[in-house]
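Okay, so here's the structure we're looking at.
The values are calculated or read from the model by the stated rules, or taken from the named source; none is laboratory data. Small disclaimer: the values here were computed from a predicted structure and weren't measured. Cβ placement follows ideal geometry from the backbone for every residue including glycine, while neighbour counts extend to all protein chains displayed.
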Amino acid sequence: MRRFLPVLILAAACSAPPETAEPPAESADPPPAALPPILAQNAFLYYSDLAEAEAFYRDTLGLPLASDFGFAKIFQVAESAYLTLVDEAEGMHSADEPKTVAFALITDHLAAWQARLDEAGANFRSRFDPEAADPEAPHHGFTVFDPGGYILEFERFLPHAENVDLMPILETTEPLGGDEAAAGPGMGFEAMIVWLYYPNIPEMLDWWQTTFGFPQSLDQGWVKGLRTSYAGFIGLVDSTRGMHSFTEDKAVTVSFFVDDVKPWYDHLEAAEGYRSRTEITSESDRVTVFVGYDPGNYFLEFDTFVEAPGNEELLAQLAAVRIAE
């Protein structure tokens with residue numbers, strides 16, 4: 001989570017009507033066994049008013065604060081999925097860069113969440129109408145903008161041909177916080193999908209699977225979902241059909257929490273299509289980190305949190321996560 005001066009960044013996440021899903025791609029060979037497993041998926045978001053964003057995620061969404069770096073606040077979204085809110089003055093991106101990303105927060109409580117967000121005065125992009133919802137659709141949901149303009153999709157997946165690989169996974173995940181969730185019993189999120197937008201999905205699917213070995217868990221034809229951690233996913237969306245068009249710059253950094261960044265650094269430095277941005281370094285004596293770029297110019301960061309004051313809660317959470325197989 002190294003500080004840098006700003007530099008050049010389903011239903012609603014994929015706003016065009018779904019098409020018949022293509023046959024699932026064959027699973028890529030996993031990365032070498034020497035690579036440490038990914039404990040959790042994270043994304044860094046950048047704000048001009050960090051306090052406003054923190055209040056939204058803490059008070060409106062009820063997410064627990066896992067770690068506080070002052071200029072960055074790490075919130076737990078699901079068992080192995082996080083969002084980190086960053087003050088743009090000390091981050092790698094400016095809040096003015098295109099927000100070419102969206103986040104699906106998986107929940108069975110769409111109506112309750114819509115009512116809660118209505119009461120909080122949230123800025124809706126689309127709404128959920130339970131009476132008009134197609135029971136045979138692959139998913140239901142609605143979208144809102146967070147205080148910085150990032151799109152959050154509240155989504156429920158349903159039994160459907162597109163979701164044959166995803167539904168068994170979601171059956172094993174549980175709402176964060178259970179009956180003790182801050183937003184209300186069962187109102188925590190079961191999983192999170194980070195939607196990324198590319199002009200060439202077959203090429204990017206091959207790159208992500210070849211480089212990381214992530215198994216495909218969702219196939220909407222022009223949208224491919226990859227499982228990165230137990231309750232964390234990346235969705236590759238055709239930028240000619242989704243909510244966002246492709247942009248070279250993007251106000252987001254996709255990151256992964258691991259026990260040891262060094263093997264991943266060596267692996268990615270040798271990977272075709274990966275470009276390095278930094279060597280391995282330390283931030284605030286609390287996290288070891290390196291940063292690079294994927295072929296679509298999304299920033300990729302790997303983080304290892306060390307035993308240090310301020311990391312206690314996050315390390316406890318990471319020690320308890322299940323590892324995706």
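Quick check: is even one residue across region 169-190 among the aliphatic types (A, V, I, L, M), touching an Asp or Glu at 6+ places or on another chain (Cβ under 9 Å) and under 30 Å from Thr247 (Cβ atoms)?
no
Can you tell me which condition Phe124 does not meet? The list is (1) farther than 26 Å from Ser245 by Cβ; (2) aromatic (Phe, Trp, Tyr); (3) surrounded by fewer than 17 Cβ atoms within 10 Å (Cβ to Cβ), and all the others hold.
The failed condition is (1).
Of the residues Pro159, Pro202, Pro185, which is exposed (fewer than 15 other Cβ atoms within 10 Å of the Cβ) and closer than 22 Å to Asp249 by Cα?
Answer to the check: Pro202.
Filter region 220-239 down to residues that are at pLDDT below 95 and of a type outside the set (Gly, Ala, Ser) and give me whichever is surrounded by the fewest Cβ atoms within 10 Å (Cβ to Cβ).
Trp222
Table: residues versus (1) of a type in the set (A, V, I, L, M, F, W, C); (2) at pLDDT below 95; (3) surrounded by fewer than 22 Cβ atoms within 10 Å (Cβ to Cβ); (4) assigned to a helix (DSSP H, G or I).
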position: Ala13; (1), (2), (3), (4): yes, yes, no, no
position: Thr20; (1), (2), (3), (4): no, yes, yes, no
position: Leu35; (1), (2), (3), (4): yes, yes, yes, no
position: Ala40; (1), (2), (3), (4): yes, no, no, no
position: Phe44; (1), (2), (3), (4): yes, no, no, no
position: Phe56; (1), (2), (3), (4): yes, no, yes, yes
position: Asp59; (1), (2), (3), (4): no, no, yes, yes
position: Ile74; (1), (2), (3), (4): yes, no, no, no
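Can you say whether Leu176 is touching a strand residue (DSSP E or B) at 6+ places or on another chain (Cβ under 6 Å), within 19 Å of Glu52 (Cα to Cα) and not in a helix (DSSP H, G or I), as far as the supplied structure shows?
No.
Please work out which one of (1) touching a Ser or Thr at 6+ places or on another chain (Cβ under 8 Å); (2) farther than 24 Å from Tyr47 by Cβ; (3) not in a strand (DSSP E or B) is the condition Gly242 fails and give its number.
Failed condition: (2).
Wholly within region 96-168, which strands (runs of 3 or more DSSP E) include no fewer than the required count, namely at least 1 residues that are of a type in the set (Val, Ile, Thr)?
By residue number, 101-106, 139-145, 151-157.
Looking only at region 179-202, which residues are in a helix (DSSP H, G or I) and within 27 Å of Pro295 (Cβ to Cβ)?
Correct list: Ile201, Pro202.
Exactly one condition in (1) of a type in the set (S, T, N, Q); (2) part of a helix (DSSP H, G or I); (3) closer than 17 Å to Gly292 by Cβ is not met by Gln209; state its number.
The one condition Gln209 does not meet is (3).
Does Ala133 qualify as being surrounded by 14 or more Cβ atoms within 10 Å (Cβ to Cβ), under 26 Å from Ala161 (Cβ atoms) and among the aliphatic types (A, V, I, L, M)?
yes
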